[in-house]
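Asks: Here it is, the structure, as structure tokens.
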Amino acid sequence: MASFTCARVLGSVAAIVASCGVALAQWNPVAAEWLKSDQTDLRVMTWNVEDGVCRTANKANSFGSNWNAIARVVASFQPDVLILQEAGDNSGNGTGSGVDSVAQLATTCELLIHGGADPFLGGTVGSFVQQYVPAYDLPYIFVSSSNDGFNRNVILSRFPFADLNGDTRAEYSDTPPIFPDAWAPGPNGGIRGFMFAEIDLPAQYAGDVVIGNGHLKAGGTSGDMQQRVTAAQNVSYLIQYWYNGNGGAVPDPNAKIFDSPPATMVLDQDTPVIWGGDWNEDENSTPGTRGPASWMVAGGVVGGSSDGVDRDGTDATFDSAVEFFSGSRSTQSSSKLDYQAHQDSIASIRRAHIFDSTRTPAVSLPPPCATFPVSPGNITPIASDHRPVIIDYILPLAMGTCAPDLTTSAIPGQPGYGVPDGLLNSNDFFYYLNEFAAGNVAVADLTTGAVPGQPGYGVPNGTLDNNDFFYYLAIFAAGC
């Protein structure tokens, strides 16, 4: 018999939720619910943290601590991949001097997520992400070795890094050197480097993912903008020619990218590239002139079907995220400087939003933000002068990941009960509930763990418990 007695309530999903005290819908910002509505989505969050993550930062759980504010915002949105810019600058934070080394910043990011003894300032970290959401983790941390003398870029991931293109590496602090070709002037991703991480997704996904992160040149001069455009041209060329073989099966077909050892394969058809960061240019600010976001997604020519940065040769897409309550697209002051782009022939966006606590009603602040000491409505400007961009991506799922087609009827004893019909609908859902409540291990035992990406997800273990129920909810929501 199933140990999850709430499953015996077969009236409606709402009744089950109410009786069990479990919130199934986790995206309802008005009600202060900001998490993913579908657990198979990949949530990526980009944020320029304005020097708040560095070894000498005040890590106390106190008002005015940008570290405290950053930890609470990350805990509120729980991204699967978090990309940070302007990390490691102690001088910029006003708490020390110099830029953190790679090792120092990696330790600092560990402290941000996990807390513990502070080897830099002494004592114990007073505010950290797992303090607010203990079950959430970003255990894989890649700190770029590229810096401008002040700060570095970082990628933190829920899933491990792994070589996807056969060159024995999964992490790149900057693009490999590029010799001029097509629209790429070379040689690299600009003043702070443009980092990439290849990430091994769990077996429930049909492919994997590559994440890019860059902080382009700041400044308002024509030379500054040209540096941003040059970096964007090189990045888009790298994605199109190296990761996707310019539509062919061989990486770097024109032999213009210096990678040693060289890549041996292009990404498979189910593995998208998603890249973002602080690109320091509002694409709407210079009508008639292509900014870095346009070059990032369109390559040499806007439109067309051959030189775009999507895997199929068309243009990829950069986000149009807005703040939920106001509709504002600004991420820094009154401009949009922070972006995410993705290959839309593989991945699609379920939702994209910008978080700005000053525009969010107090009752709608996510709990870690709502308990910020004094003035929680100001948590984002206390954290940084930039606002995070958070996007939930729908990725291709592996065969068998979707909820199985189980029945044509939801009523036991009626014709069609337990007979698949090639469709996924509410009958299948209620059939599963019936079989779960009846203790039918053969039908309802689906997993040892309810959390995507964790060991045992989607692996039956011969017993029924609440993990099986929530696994079914997740894969049913994913559809087939």
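Asks: Identify, please: which residue in the range 342-388 is surrounded by fewer than 20 Cβ atoms within 10 Å (Cβ to Cβ) and of a type in the set (Ser, Thr, Tyr) and is, among those, farthest from Phe77 (Cα to Cα)?
Replies: Here the answer is Ser345.
Asks: Is it true that Tyr241 is of a type in the set (Ser, Thr, Tyr), within 26 Å of the chain's Cα centre (by Cα), crowded, with 16+ Cβ neighbours inside 10 Å and over 30 Å from Leu138 (Cα atoms)?
Replies: Answer is yes for this residue.
Asks: Quick check, is Thr46 modelled with pLDDT of 95 or more and under 30 Å from Tyr205 (Cα atoms)?
Replies: Yes.
Asks: Just a yes or no: is a residue in the range 454-462 within 30 Å of Asp200 (Cβ to Cβ), modelled with pLDDT of 85 or more, open to solvent by 10 Å² or more (accessible area, probe 1.4 Å) and of a type outside the set (Ser, Thr, Tyr)?
Replies: Among the residues of the range 454-462, at least one is within 30 Å of Asp200 (Cβ to Cβ), modelled with pLDDT of 85 or more, open to solvent by 10 Å² or more (accessible area, probe 1.4 Å) and of a type outside the set (Ser, Thr, Tyr), which makes the answer yes.
Asks: Quick one: in the range 157-178, of everything that is assigned to a strand (DSSP E or B) and not polar (S, T, N, Q), which residue is most open to solvent (accessible area, probe 1.4 Å)?
Replies: Glu171
Asks: Look at Ser37 and say whether it is open to solvent by 10 Å² or more (accessible area, probe 1.4 Å), touching a residue at least 60 places away in the same chain (Cβ under 8 Å) and among the small types (Gly, Ala, Ser).
Replies: yes
Asks: Check off (1) in contact (Cβ under 8 Å) with a residue 12 or more places away in the chain; (2) out of contact with any Leu (no Cβ under 9 Å at 6 or more places or on another chain); (3) open to solvent by 10 Å² or more (accessible area, probe 1.4 Å); (4) not in a loop (DSSP other than H, G, I, E, B) for Gly223 and give me the number that stays unchecked.
Replies: Failed condition: (1).
Asks: Looking at (1) within 30 Å of Ile346 (Cα to Cα); (2) at pLDDT below 95, which is the one condition that is false for Ile83?
Replies: Unmet for Ile83, out of (1) within 30 Å of Ile346 (Cα to Cα); (2) at pLDDT below 95: (2).
Asks: Please specify each residue of the range 460-480 satisfying the condition of being farther than 15 Å from Leu406 by Cβ and more than 25 Å from the chain's Cα centre (by Cα).
Replies: Selection gives Pro460, Asn461, Gly462, Thr463, Leu464, Asp465, Asn466.
Asks: I need the full set of residues from the range 40-63 which are within 21 Å of Ser91 (Cα to Cα) and among the β-branched types (Val, Ile, Thr), in order please.
Replies: Val49, Val53, Thr56
Asks: Still on this structure: Looking only at the range 202-216, which residues are buried (at least 21 other Cβ atoms within 10 Å of the Cβ) and at pLDDT 95 or above?
Replies: Val209, Val210, Ile211, Gly212, Asn213, Gly214, His215, Leu216
Asks: Looking only at the range 30-51, count every residue that is part of a loop (DSSP other than H, G, I, E, B), touching a strand residue (DSSP E or B) at 6+ places or on another chain (Cβ under 8 Å) and at negative phi and tell me the total.
Replies: Of the residues in that region, 7 qualify.
Asks: If the Cβ limit is 7 Å and pairs must be 6+ apart or interchain, which residue in the range 437-454 that is in contact (Cβ under 8 Å) with a residue 60 or more places away in the chain pairs with which residue that is of a type in the set (Asp, Glu) and open to solvent by less than 30 Å² (accessible area, probe 1.4 Å)?
Replies: As it stands, the answer is Ala444/Glu435; Ala444/Asp468, since those pairs meet every condition given.
Asks: Also: What pairs come out if I take residues in the range 174-186 that are in contact (Cβ under 8 Å) with a residue 40 or more places away in the chain and within 24 Å of Asn147 (Cβ to Cβ) and pair them with residues that are open to solvent by 30 Å² or more (accessible area, probe 1.4 Å) and hydrophobic (A, V, I, L, M, F, W, C) whose C-beta lies under 7 Å away, six or more apart or interchain?
Replies: Sorted first by the residue in the range 174-186, then by its partner, the pairs are Pro176/Phe258; Pro177/Phe258; Gly186/Phe179.
Asks: Which one of these is more than 30 Å from Asn280 (Cβ to Cβ) and open to solvent by 60 Å² or more (accessible area, probe 1.4 Å): Leu406, Leu423, Leu433?
Replies: Every option except Leu423 fails the conditions.
Yes or no, residue by residue, for (1) assigned to a loop (DSSP other than H, G, I, E, B); (2) modelled with pLDDT of 95 or more; (3) open to solvent by 30 Å² or more (accessible area, probe 1.4 Å):
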position: Val250; (1), (2), (3): yes, yes, yes
position: Ala255; (1), (2), (3): yes, yes, yes
position: Ala263; (1), (2), (3): yes, yes, no
position: Glu281; (1), (2), (3): yes, yes, no
position: Thr286; (1), (2), (3): yes, no, yes
position: Ser294; (1), (2), (3): no, yes, no
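Residue-wise test of (1) touching a helix residue (DSSP H, G or I) at 6+ places or on another chain (Cβ under 8 Å); (2) of a type in the set (A, V, I, L, M, F, W, C).
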| position | (1), (2) |
| --- | --- |
| Pro202 | no, no |
| Gly207 | no, no |
| His215 | no, no |
| Ala218 | yes, yes |
| Gly223 | no, no |
| Arg228 | yes, no |
| Val235 | yes, yes |
| Trp242 | no, yes |
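Asks: May I ask you to list the residues in the range 98-142 that are closer than 23 Å to Phe196 by Cβ and either modelled with pLDDT under 95 or touching a Cys at 6+ places or on another chain (Cβ under 7 Å) (or both)?
Replies: Asp100, Thr108, Ile141
Asks: Next question, about the same structure. Do we find a residue being under 19 Å from Pro396 (Cα atoms), open to solvent by 10 Å² or more (accessible area, probe 1.4 Å) and either touching a helix residue (DSSP H, G or I) at 6+ places or on another chain (Cβ under 9 Å) or at pLDDT below 95 (or both) anywhere in the range 324-341?
Replies: Taking every residue of the range 324-341 in turn, none turns out to be under 19 Å from Pro396 (Cα atoms), open to solvent by 10 Å² or more (accessible area, probe 1.4 Å) and either touching a helix residue (DSSP H, G or I) at 6+ places or on another chain (Cβ under 9 Å) or at pLDDT below 95 (or both).
The values are calculated or read from the model by the stated rules, or taken from the named source; none is laboratory data. Here the structure is a predicted model, which means the values were calculated and not measured. Quick reminder, even Gly has a Cβ in these numbers, built from the backbone with ideal geometry, and neighbours come from all protein chains shown. Accessible surface areas use protein heavy atoms only, side chains included; no ligands, DNA or RNA. Shrake-Rupley method; radii C 1.70, N 1.55, O 1.52, S 1.80 Å.
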